[in-house]
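Asker: Input: one structure, supplied below.
Just so it is clear, none of the values below were taken in a lab; they were calculated from the coordinates. Just so it is clear, the structure is predicted and the values come from calculations on it, not from any experiment. Backbone-built Cβ (ideal geometry, glycine too); neighbour counts: all protein chains shown.
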Amino acid sequence: MKPHRAGLLASGSALLVLLAACGGSSHPASQKQSGNQVFTYDTSAPVMVDGWDPATEYSDGILAMSNMYETLTRYDAATHTIKPQLATSWSSSANGLSWTFHLRHGVHFHTGRLMTAQAAAAAILRTQKMGGGAGYVWDAVKTISAPSPDTMVFHLKYASPLDLEASASYSAYIYDTQAAGGGSLTKWLNTPHDAGTGPYTLQTWNKGQEFEVILKAFPGYWGGWSGAHYKKVVYRVVPQDTTAAQLLRSGQVDFVEQISPALWKSFQGQAGIHTMSVPSFQNLLSQLNARTLTLPVRQAISYGINYPGIVAALQGAAVTPSGLVPAGLPGHFTNLPNYHYDPAKADQLLHQAGYGPGKKTLNLTLTYTQGDSNEQVVVTLLKSSLAKLNINLSTQSLAWPTQWAKAKSASASSHQSIFLEYWWPDYADPYTWFTNLLQTEKSPYFNLSYYSSSALDKQINQVESLLATNRPAGVQLYRTMQAEVLQQAPLDVLYNVNYQYAMRTSFTGFQPDPAYANVVFAYNLRPTGS
Amino acid sequence: MIEAPSPAAETALALPRGQALWHGLRANPLLVAGGLTAVLIIVVALFAPLLAPFPGDAGTATHPFLVLRPPSTRHLFGTDQVGRDVLSRVLYGARISPLVAVIVLLIACVVGIPLGIAAGYFGGWVDEVIMRVTDIFLAFPSLLLALALAAVLPASLTSLTIAIAATWWPWYTRLIRGQAASVSGRAYIDSCRVLGIRPWRIILRHVLPNSVTPLTVQVSLDVGGVILTASALSFLGLGAQDPTPDWGLMVAEGQNYFTTDWWVVTFPGIAILVTAFAFNLLGDGLRDLLDPKRSLLP
C-alpha cells in the first residue's frame, strides 16, 4: 500500500510514553547530538512495514529507501520540472514510443558493482515482472536495449511520459539485481540488505523498536562527501505527538514528520526550531462501498459531510479540495462540480432511498487507521454530521494492515461501508487516483469502494497515453473522469493535506517536495553545528 | 495479654444504634467527605441533563468552528478538539464510569459469592475445583487480563464491563470462601446439619449472612479501583467509543493536546481522580465503621 502515515495501537503509544518516562534510552543514537553527524527523523509509525525489496515496497519505507536508492530522474515540484538523477539526459521520439536515457558515469551500487545500462535495465525489468508496489509505472515498457554501457533505450507499447514515470517514489529504483549472486534476491534484500546507489546504505534495522532504521554514509557515493553532510540517518518511531514534540524541543530529534496542528503551532517563533507548512499531493479519502450503498445514498453521504468544518477543525493541516487531484498536478481544476455541505439535499436523497430523519435509520460502518489524531477528529465530525441525517456510523480504528486486510477480504460481508485512508501519487501525476482506486478489480486491492464502471475503465486506459502525446486533451480527459467520479460518488475527498513540519535549525537545505511524500533527502542537508 | 476495653468502646457499647452511628461518623470525617462526594457524583449523574450547559455535546453534536477554546464564561471547562463543551461532557461522564463500576461489582458478586460459598461450605472436590479455577484467573495481573480480554472483544462499554468483571470475581470468590469455610465449621452450623436442615437453607439462612460483611467493605473499596481500571482501558482505546462522554476516553483523545490545550484532559482527569478518591474514602470509612474490633456500632 501506501495510504498510511500513522498507525500504531494507541496502547502501544501509551506504553511507549510510559517507557520513555521511566528511563532514557541507552541507544547510541540518542547520544548523537555531540557529534552532529547524525540526522534523526521522527516518524509516528514504523518505516519498514512492507519489506525491503525496492521493486515492491509500497508504504512508509519510502522515507528510508529514498536515501538508499536512486531513480533515473527526479521530479522537482518547485519548478515542475524533471531533473537528472542517475540519468544525466534523455530524449524521446516524436511519437513518444521510444525514449533514450544517458546514464551517469562511475556510479557504483552499494554491492560494489558498477551501474551500467544493462544493470539498470535488469532492475527495471525485474520490477516490471514482479508487478508489485507501483510496478505499473513501467507498464508501457515493451523492451529495453543497452547500445552502450551508459545508454538505455526504452521501446514502449504505447506513448507514455517515461521521464516522469522514471522519477516515481516507488518501484522506480535502480538496484543491483546480481546482489544475491545465484540466490533469491528478494530473500537477500529482506534479510535485510540494500543494493542501491544512493548516498546512504543500511547499517541496522531494529524491527519493532524505537530506533528502527539506521543508515550510514556510503563512502563510494558518486556525489562525494566533501563539505558538510550527515554521516548517519536515524528513523526514530515515536507514535505520541507530545513525546515527539518534547524530543524535538530537547534536540533529540532533528525533524518531526507529523504532529498535531496545535503542537505544530506551539513551535512557531520558538528559538532553535523552524516550522514549515507546505501544500502536498496527499488527500484523505472516504471510499464508499458502491456494492452496498446505492447511488442516492452515496450522494447523500457526500452532501452530508461538513467539509468546511473538517478543514476548520484541523487548523491549517487541511485544505478544501476540488476533485480528486490536488493542486500542482495536471488535472487539477478549481471549478469541478464538487460536493458541498448541504444537509437539505442529503436529506432529500436519503428520503428517495427510504432513509433519513423520520424514516428508517441507516446503519453504516467505517474503518480508519489507528494512531492518527487528525483522522480521529475527522471521524468524530463525520459521525456528528451524518447523525443529523439519521445515519448511525459505527466506527472502528484498526492498525493499517488489519484495516486493509478486512477491506480486501474475499468475504464481502466483512467489508466496511466507508474506508478512510490517505492517498498520494507515486509520481507527479494524477493517474494513481484513478487506476488504483477506481479501476475495476476482480479481487479488491486498493479499489476499496468496489466501484466498477466500464466507461471509466476505458478512459483510465487511455489517459496517460493521451497525456504523453496531446497534453491538453489528456488534462481535459482527467477533468471528464473527475466529473463522472463526482457524480457517481464512489469516494469523497475530505481534504487535501498540508504538511506541517517542525525541525531543528541545526541544519539547512531541506526542500520539501510533495512528489516524495514526507521524504527528507538527507544528503542535501547541511549540518550547521548550531 | 488481655486488653482492657477502652472507655470509648464501653460508652459506645452502651449507646443505642443511631447514636453510635452518629458517633462513628463524627469520629471519621473522611468517611463523611467521601460519602458526600459520592452522593454529589450520583446527583450530578442523575441531573446531568439539567446541569450541563450544552447537553447535546455529550452526544453526537460537534462544533468544528469552536475547537480548543480555553475556559471562558461560556465554556467554563473550555472546548475539545471538535468544539464540544468539556464541562457538559464531564458532567455526563458521571453517568458512565460509576455505572460501569456498579455493574462490574454486581457481576463480580453474582458470580463470586455463590462460588465462594459453595467452595467454603462443601469443601472437598467442590472446593478444589472452584479454587483452582480461581487460582488460574488470579495468576494473571488483573489489569493485564482485562486488557487482553478487552482487546479481543469489540471496543465498547459492554465489552469493557465484561472484561473487568471477568477479572474481578475471583477475588470475591476467594474472600467469601474463607469466610464461609470459617462459618461452616462453627458448632451452630453442625447443629443445623444434625437436625437435618437442607444445605441450601443452611447456606441462605446462616452461612451467607455471616460471610458477606467483609465483602460489603471490599465492594465499597473496589468502586474506585474499577473506575480507574475502566478509565485505563478506555484510555487505551479498548472501552467506550466516541462520542460517549467517558472520562478515560476523553483523556485518551485529549492526550495530544495536553501541552498546548491543557483543559481538554485536565478536567476529565480531575473527575476520575475525585471519583476514585471519594469512593476509596467511603470504602475506608465503611471498613472502620463495620470492623467489629474498631467500630463504635453495637
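Asker: Using square roots of five times the C-alpha gyration tensor eigenvalues, list the equivalent-ellipsoid semi-axes of the range A:176-242 in whole Å, biggest first.
Answerer: 24, 21, 7
Asker: Hey, can you grab everything whose amide H is under 5 Å from the amide H of A:Leu285? Only 5+ residues off in sequence or another chain; H modelled, so Pro and N-termini drop out.
Answerer: A:Glu421, A:Tyr422, A:Trp423, A:Leu494
Asker: Related question: Determine the distance separating the Cα centre of the range B:71-118 from the Cα centre of the range A:479-530; give it in Å without decimals.
Answerer: Comparing the Cα centres of the range B:71-118 and the range A:479-530, I get a distance of 41 Å.
Asker: Can you tell me how the range A:333-400 classifies by the Cα gyration tensor, rounded, prolate or oblate, using a/c under 1.5 as the rounded cut?
Answerer: In terms of gyration-tensor shape, oblate.
Asker: List the lysines whose Cα sits under 18 Å from the Cα of A:Lys157, skipping any in the same chain fewer than 8 residues away.
Answerer: A:Lys129, A:Lys142, A:Lys458
Asker: Expressed as a whole percent, how much of the Cα-Cα distance distribution for the range A:73-165 exceeds 20 Å? Mind showing how you got there, number by number?
Answerer: Working: 1563 of 4278 pairs.
Cα-Cα pairs in the range A:73-165 separated by more than 20 Å: 37 percent.
Asker: How long is the range B:209-298 along each principal axis, judged by its Cα atoms, biggest number first, in Å?
Answerer: Sorted from largest, the Cα extents of the range B:209-298 read 55, 22, 15 Å.
Asker: If we count other beta carbons within 10 Å of each Cβ, what is the order of B:Trp200, A:Trp433, B:Trp22, fewest first?
Answerer: B:Trp200, B:Trp22, A:Trp433
Asker: Also, I was wondering about something else. Given the range A:281-497, what percent of its DSSP beta bridges are antiparallel, to the nearest 5?
Answerer: About 55 percent, rounded to the nearest 5.
Asker: Counting only C-alpha contacts under 8 Å and six or more residues apart, can you give the relative contact order of the range A:281-497 as a whole percent?
Answerer: That works out to 35 percent.
Asker: So what does log10 I(q)/I(0) come out to for the range B:98-239 at q = 0.11, 0.20 Å⁻¹, using the Debye formula with one equal point on every Cα and no solvent?
Answerer: -0.45, -1.08
Asker: Among B:Trp262, B:Trp168, B:Trp247, determine the one that fluctuates most according to a GNM of chain B built with springs between C-alpha atoms less than 10 Å apart.
Answerer: Highest fluctuation among the options: B:Trp262.
Asker: Contact order normalised by length for the range A:438-530, with contacts defined as Cα pairs under 8 Å and 6 or more residues apart; what percent is it?
Answerer: RCO, the range A:438-530: 16 percent.
Asker: What average number of partner chain Cβ atoms lie no more than 10 Å from the Cβ of the residues making up A:387-393?
Answerer: 1
Asker: How do A:Arg249, B:Arg205 line up, fewest other C-beta atoms within 10 Å first?
Answerer: Numbers: A:Arg249 17, B:Arg205 12.
Fewest to most other Cβ atoms nearby, the residues stand as B:Arg205, A:Arg249.
Asker: What residues have an amide H closer than 5 Å to that of A:Phe211, excluding those fewer than 5 places away on the same chain, when H is modeled at 1.01 Å from N in the peptide plane?
Answerer: A:Val237
Asker: Skipping prolines and chain starts, which residues have an amide H placed within reach, meaning under 5 Å, of the one on A:Val141, given they are 5 or more residues away or on another chain?
Answerer: A:Lys157
Asker: Using the Karplus equation 6.51 cos²θ - 1.76 cosθ + 1.60 (θ = phi - 60°), what ³J(HN,Hα) coupling, rounded to whole Hz, does each residue of the range A:155-162 give in order, writing x for Gly and Pro?
Answerer: Rounded to whole hertz, the list is 10, 9, 6, 8, 4, 7, x, 5.
Asker: Do you know the relative contact order of chain A, to the nearest whole percent, from alpha carbon pairs under 8 angstrom that are 6+ apart?
Answerer: Working: 1153 pairs, mean separation 108.4, N = 530.
20 percent.
Asker: To continue, here is another question. Just tell me which aspartates and glutamates come within less than 14 Å, Cα to Cα, of A:Lys408; anything on the same chain fewer than 8 places away is out.
Answerer: A:Glu421, A:Glu441
Asker: Here is a further query. Let me know the Rg and Dmax you get for the protein assembly as shown when you use only its Cα atoms, in Å.
Answerer: 32.5, 113
Asker: For chain B, what is the mean residue ellipticity at 222 nm derived from helices alone (per DSSP H run of n ≥ 4: -39500 (n - 2.57); sum divided by total residues; nearest 500 deg cm²/dmol)?
Answerer: -21500 deg cm²/dmol
Asker: Over all pairs of distinct alpha carbons, what does the Kirkwood formula give as the hydrodynamic radius of the range B:27-100, in Å? Working shown, then result.
Answerer: Values: mean 1/r = 0.0754 Å⁻¹.
About 13.3 Å, per the Kirkwood formula over Cα pairs.
Asker: Still on this model: Kindly point out which whole DSSP H helices in chain B project their C-alpha atoms 20 angstrom or further along the helix axis while averaging a Kyte-Doolittle hydropathy of -0.5 or above. Let's see the in-between values first.
Answerer: Working: long enough: B:29-46 (25 Å, 2.62); B:97-122 (37 Å, 2.32); B:124-138 (21 Å, 0.87); B:157-184 (39 Å, 0.51); B:213-235 (34 Å, 1.26); B:263-290 (40 Å, 1.36).
Long hydrophobic helices here: B:29-46, B:97-122, B:124-138, B:157-184, B:213-235, B:263-290.
Asker: Restricting attention to the alpha-carbon atoms of chain B, what are Rg (one decimal) and Dmax (integer), both in Å?
Answerer: 23.1, 77
Asker: Once phi is turned into ³J(HN,Hα) by the Karplus curve 6.51 cos²θ - 1.76 cosθ + 1.60 with θ = phi - 60°, what whole-Hz value does each residue of the range A:306-322 show in order, with x for glycine and proline?
Answerer: 7, 4, x, x, 4, 4, 5, 5, 8, 6, x, 8, 9, 10, 4, x, 9
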